[in-house]
Structures are given as structure tokens and as C-alpha cells.
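Scroll down for the structure; my scribbles are underneath it.
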2 protein chains.
Amino acid sequence: MAIKDRKERDKLDRRKLIIESATRLFLEQGYEKTSIRNIADDIEYSPATIYLYFKEKDEIFFIIHEQGFALLNQEFANIGDIKDPFERLQELGKTYLNFGLRNPDYYDLMFIMRAPLSEIACHDKWEAGDAALNHLYNTVDECLSQKVIHIGDKLMISMAIWSFVHGLVSLYVRERFKAVANSADDATKKMVFESLQYFLNSLRA
Amino acid sequence: MAIKDRKERDKLDRRKLIIESATRLFLEQGYEKTSIRNIADDIEYSPATIYLYFKEKDEIFFIIHEQGFALLNQEFANIGDIKDPFERLQELGKTYLNFGLRNPDYYDLMFIMRAPLSEIACHDKWEAGDAALNHLYNTVDECLSQKVIHIGDKLMISMAIWSFVHGLVSLYVRERFKAVANSADDATKKMVFESLQYFLNSLRA
DNA sequence: CAAACATACTAAACAGTGTTCACAAAATAC
DNA sequence: GTATTTTGTGAACACTGTTTAGTATGTTTG
């Protein structure tokens, strides 16, 4: 059965090839401009071939969406070492903002776009999102136990903090800050981080 | 020159006809499914005709985007009467959330989508957004003067508050809450408003 | 070895999209 | 009544995601 094994490996290789090409094109040109024909051209196969490996375009972008979460969780990983929960909360926030501002396309797919939504729904649990948000949830929990932030429901507070940082990043990546405060980009970025600091300090009990 | 006047009126009427059709279709079926051919069918003209009245699809959706802001500002209007700035701030937040949750498609166009962005840019000031955000800015200013919220830069605090409510609405309309907290929709909505309350109470000096 | 089968691939088509352009028809001006 | 301007359109261009029928290749079986 060695032949069958090799064949399966080959099949996975071609799947990987498609994903790698799609990821590269996506990060270079964005979602809209990364068409099936585009990917097909890049890997020198016919467009129809891609449908032998993926049910639809969004299935590919769901995988890229998960790669994004792998990246984010990687950046979150070391933060677990920080003992003080409030300090950890601050670091989580900063890391989240940095991730969003540095990887706007990944961020888009992960938290803004409708693209991978049908795929997310059919897995009935958004595992990627869940994993990332657990870091926040646990930290909030500790903050509450140690009474360093105002009392309230764990989930509700996590939701609030997530919404806050998401709001900052998504208004930034969708250029709504640019349109209203016509200050330089660096100044806006700086204010984004100041907002986080102001917000978290306010939460302090 | 009465004829010329009538002609101009007619022209505006047909422009209005297109916008009304586009708005209706947009609110019924969303942005993606509202195509030029769709609108053309609806108003019983050829698709090419639409391009006599609008440079591109996004110009139409920029106008719908502005209609959305007209609606939002209308809901903001009465809030100016509230004397206490903090109470006013709370009401602004609640109204913003309600607007977003009740008009997800308008909200999308106004604060999330890339569609009207080129149009926004070419007006070099995002007047619609500016007007709406001024309500917030002025209220924050008053809150600071009366020392009812923690001290900080006016613009930065406005940015923080806007980001917060935007984060709540946009995670909601893009179904990221649904994917992570698999509670009922009503429960999620309730928590959205609780988050606002928690956040604003935290800001209190 | 040849016939039967399975796998991998693709050209071509379908049904859409935004947009442009050459041309026709209608309304106005002279 | 002819000339000119305004108004509208069919057809095409260059795309999009996706499906299908058919081919070419490799593997298995009689």
C-alpha cells in the first residue's frame, strides 16, 4: 500500500500548494483580487482543478483565516508567563492591537469579513476564535478574583474589552480614523495605543 | 428658460428614482446582491442608462451611506436636550448601539464597508462622519470640564468611546459574537448594552 | 498482455458582475 | 424642416465563481 500512501501525500501536497499560493496572493493583493483563476494561473493548473481540492473559494479562505489565528495565538503564547493579571491584560491588548495593525489582511478575514463565515458556522464552534479569546477570558477572571478591575460578569467584561480593541483596529483598517482625524498615520496609531491605556486604567478598581 | 428648468428637474427625478430603487434593493437584499442590472431591471431602464447619472456603482452607495448618517443624526438630535453631559453620553451610546443593531446594512455601509471609501476620500473631509462624531466630541468635552470622567485628551477619549461602541456593533453584525458565545440572540444583545453601561461607569471619575 | 477501472486534469460553458462605446431615437434650437 | 443636443440602449469587454462533459494517464484485474 506504499503507492496509495504516496498518492495521498501527493494529494496533500497539491492542497498545500494551492493554500500557499492563495495565501501569498491574498497577502499581496487582498481578498477581492485573489480569484480562483488567479490562483490557478499562479500554480499553473486549470481553475477547475482547484475545485477537486476545495468545495468553494471560501473554504480556502477559511484555512487562511485559521492561519491568522495560529499567528495571533503564537503572539499570545508568551504572555501567559506574566504573573500580574492586570499587566497581562495590558499586554494582551497591546499584542492584539499590534497584530491587527501589522496584519490588516489577516485581521480582516479573522474578524471583519463575511467570507469564511459559512465555514465557521458549519464547524458549529468557532474553535480558532474561541482559543484566542480564552486568553482574554482567563485573564479577566484572574483580574476579578484579585479585585483589580471593577466587578461584573466575566463574559460581559471580556466582550467589552474585545469589542474595544476590535473597534480600534477595525476603524483603523477600514480607514474611518483617516477620514475623520486628518492627522498623520503615526499620530493616529499612537492615539490607538493611548486609548487602550486610558480604557484599561479606567477599568481599574 | 422654463423648459431647461423642467429638464433639470426631470434629470434630478430620474437620479432620485435610481437612488430610491437602489436603497430599497440594498435594504432588502444587501450590497452584493444589489447589482446595476438589478437596479436597471427594477426601474425599467437599461443598465447603461444608470451610468449617465452616476460615475460608478460606489457613487450610488455613497449616497445611501449619507442617508444612513442623516438617519443617525436625526436620532442623535433630541439627545442634545439632555443637560447632564454624562447622562447625555450614555444616551448617545445607547442610541448608537440601537441604530447599529436595528440597521445593520446601513451600519455596514457607514462604518465597515470599503465600498463608499473612494468617494469619502475624494470629498477630503468625511462630513457625514464628522457631523455624527461631533455630538460625541462635544459631550466628552463637557464631561471633562465638569470632571465627571477621568482626565485625558478629548480626541483620544472620543476615539476610545467610538471604538468601543463600534466594536460592539460590528462584532455583532458580522456575527462574531454568535460564533463564540452560542447563547440566544436576545441574550447577546442584552450583554451588548450591559457592556456599554459597564464601560461608561468605568470612565466615571 | 489486454481490457476494465479509477484518478487527475482541463476546455468550455453557465450565469453572473461592473463598465464602456458606438449607435439610434427623441426633444429642442435655429 | 433641418441641425444640434440630449437621452437611452444593445452589444461587447473583461472579469468573477462554479459545473460539466470529456480526455488522458496510471493502476488493477481477468
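Among residues other than B:PHE76 with Cβ under 14 Å from its Cβ, the summed charge is -2 (Lys and Arg +1, Asp and Glu -1).
Using only side-chain charges placed at the Cβ, +1 for Lys and Arg and -1 for Asp and Glu, the dipole size of chain B relative to its Cα centre rounds to 80 debye. With protein chains left intact and a 1.4 Å probe, residues in the stretch B:1-54 average 73 Å² of accessible area per residue. Surface composition of the stretch B:1-54: carbon and sulfur atoms hold 51% of the protein heavy-atom accessible area at a 1.4 Å probe. Under the combined filter of DSSP loop state and at most 13 neighbouring Cβ atoms within 10 Å, the stretch B:80-170 retains none of its chymotrypsin sites (Phe, Trp or Tyr not before Pro).
Here the Karplus curve 6.51 cos²θ - 1.76 cosθ + 1.60, taken at θ = phi - 60°, turns the phi angles of the stretch A:137-154 into couplings of 4, 5, 5, 4, 4, 5, 4, 5, 4, 8, 6, 8, 10, 4, 5, x, 5, 3 Hz, with x standing for Gly and Pro.
Here A:ARG15 yields copy-to-copy label distances, from shortest upward, of 5.5 nm, the label point defined as 7 Å from Cα along Cα to C-beta. Computed over the protein assembly as shown, the per-residue total of -39500 (n - 2.57) for DSSP H runs of n ≥ 4 gives a 222 nm mean residue ellipticity of -24500 deg cm²/dmol, rounded to 500. In order along the stretch B:162-167, the phi-based Karplus estimate (6.51 cos²θ - 1.76 cosθ + 1.60, θ = phi - 60°) of 3J(HN,Hα) comes to 4, 4, 4, 5, 5, x Hz; Gly and Pro are listed as x. Give the distance, in whole Å, between the Cα centre of the stretch B:1-72 and the Cα centre of the stretch B:78-124. After rounding, the separation between the Cα centres reads 23 Å.
In the structure displayed, which of A:LYS83/B:LYS154; A:LYS57/B:LYS189; B:LYS147/B:LYS189; A:LYS16/A:LYS55; A:LYS189/B:LYS57 lie more than 22 Å apart, Cα to Cα? Too far apart for the 22 Å limit: A:LYS83/B:LYS154; A:LYS57/B:LYS189; B:LYS147/B:LYS189; A:LYS189/B:LYS57. Restricting attention to the stretch B:132-205, which trypsin sites (Lys or Arg not before Pro) occupy a DSSP loop and are surrounded by at most 14 other Cβ atoms within 10 Å? Passing both the DSSP loop test and the Cβ count: B:LYS147. Among the GluC sites (Glu not before Pro) found in the stretch B:30-115, those both in a DSSP coil and sparsely packed, with 12 or fewer other Cβ atoms within 10 Å of their Cβ, are B:GLU32, B:GLU44. Residues whose amide H comes within less than 5 Å of that of B:ILE149, counting only those at least five positions distant or on another chain, are B:ALA205 (H built at 1.01 Å from N in the peptide plane). Between B:ASN134 and B:TYR31, what FRET efficiency follows from the Cβ-Cβ distance if R0 is 30 Å, with the result rounded to 0.05? Between B:ASN134 and B:TYR31 the formula returns 0.65.
Couplings 3J(HN,Hα) of the stretch B:93-104, computed from phi: x, 4, 5, 4, 4, 4, 4, x, 6, 8, 10, x Hz, in residue order, whole Hz [Karplus 6.51 cos²θ - 1.76 cosθ + 1.60, θ = phi - 60°; x for Gly and Pro].
Counting Cβ atoms of other protein chains within 10 Å of each residue's Cβ and taking the mean over peptide B:179-185 gives 5. Charge tally around B:VAL148: other residues with Cβ under 11 Å, Lys/Arg +1 each, Asp/Glu -1 each, net 0. On the basis of the beta-carbon distance and an R0 of 41 Å, A:HIS123 and B:LEU71 show a calculated FRET efficiency of 0.70.
Spin-label pair B:ASP10-B:LYS55: with each label point 7 Å from Cα along the Cα-Cβ axis, the two points sit 2.7 nm from one another.
The values are calculated or read from the model by the stated rules, or taken from the named source; none is laboratory data. Quick caveat, the model's predicted, so the values are computed rather than measured. We place every Cβ from the backbone using ideal geometry, glycine too, and count neighbours over all the protein chains shown. Note: accessible area is taken over every heavy atom of the protein model, side chains too, but ligands, DNA and RNA are not part of it. Shrake-Rupley method; radii C 1.70, N 1.55, O 1.52, S 1.80 Å.
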